[in-house]
1. What is the ratio of the Cα radius of gyration of segment 327-399 to 2.2 N^0.38 Å, with N the residue count, to two decimals?
2. In square nanometres, what is the average projected area of the Cα convex hull of segment 287-338?
3. Calculate the spin-label point distance for Q53 paired with Q369, positioning each point 7 Å from the Cα along the beta-carbon direction, and give it in nanometres.
4. Considering amide H positions built from the backbone, and no H for Pro or chain starts, which residues 5 or more places from N151, or on another chain, come under 5 Å of its amide H?
5. If amide H atoms are built 1.01 Å from N in the plane of the peptide, which residues on other chains or at least 5 residues away come under 5 Å of the amide H of T72?
6. From the phi of every residue in segment 326-336, what ³J(HN,Hα) in whole Hz does the Karplus formula 6.51 cos²θ - 1.76 cosθ + 1.60 yield, where θ is phi - 60° and glycine or proline is x?
7. Among V130, S163, V84, whose Cα sits farthest toward the positive end of the charge dipole of segment 20-169 (+1 at Cβ of Lys/Arg, -1 at Cβ of Asp/Glu, about the Cα centre)?
8. Expected output is a single nm value to one decimal: the length gained when fully extending between T293 and Q87, i.e. 0.36 nm times separation in residues minus the C-alpha distance. What is it?
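A short reminder: the numbers here are calculations on the coordinates, not readings from a lab. Computed from a predicted structure; not experimentally measured. Because the Cβ atoms are built from the backbone with ideal geometry, glycine has one as well, and the counts that use them run over all protein chains shown.
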Amino acid sequence: MRKFAVVLALAACAVGVAVTTGSAKTHRVAATQANQLEVFSWWTGGGEAHGLQALIKIWNKNNPTTPFKNETVAGGAGSNAKAVLAQRLAAHKPPDSFQGHAGAELLDYVKAGQLEPIDSVYKQYGFLKVFPKQLVSQITYKGHLYSVPVNIHRANILWFNPSVLKKNGISVPTTWAAFMTALSKCQDAGLTPLALGEAWTQMHLFETTMIATIGPAGWNALWKKGGNWNSAGVKAGLNRFKSILDYTNTDAASLTWQDASKLVADGKACFNIMGDWADGYFRIDLKKTPNKTYGWAAVPGTSGVYDWLSDSFTLPKGAPHRDAAIKWLGFLGSKQAQDTFNPLKGSIPARKDANPKLYDTYLKWALQQWKTDKLAGSLTHGVVAYPAWSTDVSTAIQLFVQTKDVNSFQKALVDAAKKRAT
Ligand code: GAL
């Protein structure tokens, strides 16, 4: 009898209900340990959380005995989350699934032996047919697949406030020269010409400036073995980066990406260069209207180029609830999940068969652009460089922001490539 009571208690604990044993002891164990799905991301703030919350709602409805445990660490671009995750992985305490960017960032986890291949998930759900080949190649290593992409974001967007531009007689610039003139006009009008935020947003500005200068093919080549960081083109890009920094706010380092974007929405700044997660932020958090109270264009000089990145989710080795994680990955790749998440997040779906009717004005435009644009891989968001290389570049940028010494900056980038290109 006693033995039966203990077994009963254990079984009940596993599903998270209360039970009274023969010894009249009550065990109430929340459903947290036995059955749950722990998902790790950095989607907490404005423009970030709504899409995830909508997915959580569907998940919890469909999986009442496996509740979603939302393990988020705040900080845009994973600036804090990635460090926390690295500690957890080193301590062999992985979540069930974590966010990682398709491309070099994801492959770094793979090469470190931290991920399980998920070929069977792709097979079960027919994912190979629904994701673009080029994207699949960025999550494949030695013939095996390692993550499910939920979206595609575009990094090279120039956001502006149409009425501020109109009031100051500024038209939307499409060339770098016109951009400089527009920034100078904003400065004369007493506005912040280009709103900038913390360190990673500075790298984001660096990357889009470089792509505007050397083009997508030149940019992509820099990250391959033998990429020429010593070129005149690179130097021209660094000089442009130097000039554009003069038009940014002095408190950049203390602002989040949302703070910087909000300066534009509030009419205090003319422009902000940010990824299209800003569309979700303007539209959903700030309740702005596309083409009326916020507007966008490709970063001047990058029309026809999609500086792309993709958020994807993984199956870490030793995931505590592996079956739930596999189910989550299947769900994430579904049409329902992608068409729920992306209209809120400000990204286009990774799937090729999503329903464009569900997407708002900016995203309808982005869906079109994705079909025809040339691709450049994002540095700041994990596509072209693995973390150690990206950290070297970030360190060089932070130093440059202080010194404005173009020659030393270029040398640091050349050295980083020598050390890191594989
Ligand atoms: C990117 C991420 C986006 C968005 C952005 C700002 O790295 O891929 O989904 O969250 O950071 O935090």
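1. Normalised by 2.2 N^0.38 Å, the Cα Rg of segment 327-399 equals 1.42.
2. Spelled out: convex hull of the Cα atoms, projected over all directions, averaged, 6.8 nm².
3. Rounded to a tenth, the inter-label distance reads 2.7 nm.
4. Placed amide hydrogens put D311, A350 under 5 Å from N151.
5. Under 5 Å from the amide H of T72 lie the amide H atoms of S41, each far enough along the sequence or on another chain.
6. With coefficients 6.51, -1.76 and 1.60, one gets 5, 5, 4, 5, x, 5, 4, x, 6, 4, 4 Hz.
7. Ranked along the dipole, the leading option is S163.
8. Here the answer is 69.9 nm.
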